[in-house]
Structure formats: structure tokens, C-alpha cells
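These notes are about the structure you will find just below.
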Amino acid sequence: MKVDIWMPLYVNDYLSDTLHLTAEENGAYILMMLHYWKKGSIGSDVERIAKIGRVATSIAQALLDEFFEQCSDGTWIHHRVDRELKIASENKDKRREKAKKAAKARWNSENDATSNTTSNHQAMLEQCPSPSPSQYYKEPSPKKGSGSYDPSLMILYKKRDEVQQLLKAIEPIDGTRKDVFHFKKDIERLNALIDGHTNGK
């Protein structure tokens with residue numbers, strides 16, 4: 001929240017200091033404080049200050065004499081408003097610093113999560129190197145007769161579950177990477193090859 005768009009007003013303190021003022025003087029004093037809060041100063045020109053408070057110069061001067069203090073350069077200062085401005089500015093800086101730390105922590109957390117995901121995918125690729133069809137497939141030996149045992153088909157059948165597990169494992173990995181793309185294609189071709197032979201058995 002911007003400091004210059006709000007100002008704390010301690011009702012008890014204000015009333016105890018201003019019960020003797022008229023309605024016109026109260027209104028002028030509040031306008032003078034609001035201007036001071038927004039601009040950080042009310043200046044030294046009493047006539048201009050009177051216009052800020054929308055009262056006669058004599059009333060503005062009386063309010064300045066009672067609630068403000070004049071510096072050596074002629075500028076009028078208000079100690080209570082200055083103190084509250086300092087507190088508000090310090091709180092604003094603290095909130096800004098806290099927000100920066102929170103954003104930095106969130107950024108680091110997101111980067112760590114991305115890094116871990118990439119590492120996990122890379123580890124999966126290293127654990128599941130791209131196989132060639134020849135790794136699992138062996139040319140079926142000619143059948144010697146109807147119902148004869150074919151060991152090459154049995155090898156393919158045993159590897160079927162392993163290939164299906166590989167397909168599930170690589171599904172979440174980014175397929176736009178060249179090595180992953182070829183890896184997936186090899187596994188898909190191998191799976192199709194096994195399907196063809198096991199179903200044809």
C-alpha cells in the first residue's frame with residue numbers, strides 16, 4: 001500500500017488536542033495535516049497554507065503556532081506527522097523486502113522442482129537405454145511340423161511385459177528431445193514386432 005494514500009488518525013489523541021477548536025479550525029487543521037502527509041511538508045508561506053486549510057490567514061497562523069514548529073529556514077514541521085510518516089515508510093520497506101524474499105524463495109523452489117524433474121527423466125533414460133529390435137528379436141526358426149515348439153517365439157513372449165513397462169516408463173518424458181524421440185520409436189517398433197509374432201503364433 002502506498003504511504004501517501006492513507007494516514008493513521010488516532011482519535012483519542014486528536015480529540016484531546018483539539019477539543020477547544022471550532023468546527024472551522026478543526027477542518028482547517030485536518031486539511032493541513034493531510035497535505036503535510038501527502039507532500040511531506042507544508043512549506044513556509046502562511047498565505048498558501050491558509051489556502052490549503054481554506055481559512056483566513058490569521059486562523060492558519062494560529063494553528064501553525066499551536067501545532068507546528070517553524071525551522072530556521074521558515075518551513076513549518078509537524079512532529080507527530082513526521083513520526084508517523086517514518087513508521088509508515090519503514091513498514092512499507094519491510095513489506096517490500098518480505099515480498100522480495102518470498103518471491104525469491106518461490107523462484108528457487110520452482111527451479112529446484114524443474115531441475116529434479118529433468119534429473120529424474122535423465123536418470124530414467126540412462127536406466128532404460130534405447131534398445132535395437134535385434135536386442136530382443138530373433139528370427140523364428142522354421143517349424144519342423146505342426147504344433148512344434150518355437151524357442152524364438154517364446155523369447156518374444158517373455159519380453160512382451162518388459163517392453164510394455166518401458167512404454168509406460170517413457171510416456172511422461174518430453175518427446176521433443178531427439179534422443180527420447182528415437183527411443184520411443186524403437187520401443188514402439190519393438191512392441192509392434194512382438195505383437196505381430198506372438199499374435200501370429
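The values are calculated or read from the model by the stated rules, or taken from the named source; none is laboratory data. Just so we're clear, the structure is a prediction, and the values are computed from it rather than from any experiment. All Cβ positions, glycine included, derive from the backbone under ideal geometry; neighbour counts span all protein chains shown.
Remarks
- For Trp107, the conditions (1) assigned to a helix (DSSP H, G or I); (2) modelled with pLDDT of 95 or more; (3) loosely packed, with under 14 Cβ neighbours inside 10 Å all hold with the exception of (2).
- Check on Leu21, of a type in the set (A, V, I, L, M) and modelled with pLDDT of 95 or more: yes
- Cβ pairs under 7 Å, 6+ apart, first in the range 54-79 and farther than 16 Å from Leu31 by Cα, second among the small types (Gly, Ala, Ser): Gly74/Ser44; Thr75/Ser41; Thr75/Gly43; Thr75/Ser44
- Test: residue in the range 5-23 that is touching a helix residue (DSSP H, G or I) at 6+ places or on another chain (Cβ under 7 Å), surrounded by 15 or more Cβ atoms within 10 Å (Cβ to Cβ), assigned to a helix (DSSP H, G or I) and without any contact (Cβ under 8 Å) to a residue 60 or more places away in the chain: yes
- Applying the set (1) out of contact with any Ser or Thr (no Cβ under 6 Å at 6 or more places or on another chain); (2) exposed (fewer than 15 other Cβ atoms within 10 Å of the Cβ); (3) of a type outside the set (A, V, I, L, M) to Ser44 leaves exactly one unmet item: (1).
- One residue from Ser44, Ser58, Ser89 being in a helix (DSSP H, G or I) and either on the phi > 0 side of the Ramachandran plot or modelled with pLDDT of 95 or more (or both): Ser58
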